Amino acid sequence: MLTIDGSYGEGGGQLVRNAVALSAITGEPITINRIRASRKRPGLGPQHVAAVKAVAHACDADTSGNTVGSTDLSFLPGRSKTCDTVIDVGTAGSIPLVIQAWLPVALHFGGKLRITGGTEVQKSPTIDYLDHVLVAVMRSAGADISIKILKRGYFPEGGGEVEIEVKKKGISPIDPGLMDMTCDIASCSSNLPEHVTDRQASSAAQYLRKELGFSCAIHPDRRTGPSTGSSCTAWNGAKGGIALGKRGVPAEEVGETAARALVGEIRSPGLVDIFLADQLLVPLALFGGSYTAGALSSHAETTLWLLARFGYEVHLRKNSVVEFSA
C-alpha cells in the first residue's frame, strides 16, 4: 500500500482528488495521512468526501476515513468499470472540483456522473471554465465528453446540478495548440434581473476589445433556482478568466474582472493558463503530450511529486516558459 503525506507541498484538496483518481486507474491501494494539515480547518470537507465517493463508485473501492473532518483516508480500489453515479455534495461545495477527480477515471473506462452542489463558488473553476477550457482541451485530444448544466448553484445554498457523460474512446496526446482560438464570454445568473448578465457580458466584451482588439461571442445564461448569484467566465483557447458576483459589487466590475484575468493570461507566455497547467498534469501523465505555461505553481509542483509516487514521469523544463511533457 502506498502511503501519501497529505500535507506535502500545496497540501490541499487537489492532492486528495488526484491521489484517489490515480489509485483507481493503477489499482494501487493508498493511505493518505495529515490531510490538509496546515489549513484553518484541517481534514476533509464535504466537497472532498463527495469526490472520493465519486471515484470510489467508479472502481468499487473500499474506503475508510472518508468523512468530514477526517485527516486520514484509506482507499482500496477494486475493478474500474463504466457506471452511472449520483453524488450530492450536500453543500455549495464545488461541482467542478468533484468532476476533476472523477474525470481521469471516466476517460479510461467511460461513465456518467450526476452531481448536486455549487457550479460557481470561490477557490474553484466555474462549471463554464471546466467545460470550455479544461474539458475542451480533452475534446481536442479526441475525448467524447458531454456536460449538461441542469441548475446553477451559488454559495451558500448550492443546489446546482450537473450531468457529465464520458464515452470510452482512445485519447491522443495532449496538445492545447489544437484548440479553437475564438474568444467567448459566458455571463450567468440565478434569481437576478435580466440586466445583470447583460451588464457583466458587455463590460467583459468592452475590456477585451479595448485591450486586445478581440470580438467575443457572448453566451448569456439566466436561471431561477434554489440559490442566488452570478458569474462571468471568459476564454480564448486554453486560457480563461473567471469572476463571481457579490452583493454590493456592480455587474460591470464582475465582467471586467473576468476579462482582466483572461487578458493577463493571454499576455503571459505559454499555451495554457497557470491554473490549467496543473489541472492538465494527470491527463498528460496518462495520455502523453506537451504544453507550456507562463509559471510553475505550487499546485503543479505538488501534482508532479504525486505523479512520481505512482511511477509517472512528467518532464519539466523551465526557460522563458515552463514546458511540461510526457
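A few comments on the model shown:
- Cβ-based exposure ranking for Cys59, Cys83, Cys232, Cys183, in which fewest neighbours within 10 Å come first: Cys83, Cys183, Cys59, Cys232
- Tally of Lys pairs whose C-alpha atoms are under 13 Å apart, taken over the chain, 8 or more apart or cross-chain: 6
- Those Cys residues of the chain for which no other cysteine Cβ falls under 4.7 Å: Cys59, Cys83, Cys188, Cys232
- Remark: His48, His315, His132 ranked as His315, His132, His48, counting other beta-carbon atoms within 10 Å and listing the fewest first.
- The translational diffusion coefficient of the chain, from Stokes-Einstein at 20 °C and 1.002 mPa s with a Kirkwood hydrodynamic radius over alpha carbon pairs, comes to 108 µm²/s.
- Projected-area average for segment 2-170 over all orientations - Cα convex hull basis, square nanometres: 8.7
All of the numbers you see were taken from the coordinates with simple rules; none came from a lab. None of these values were measured; they are calculated from a predicted model. Glycine gets a Cβ as well: all are built from the backbone with ideal geometry, and neighbour counts include every protein chain shown.
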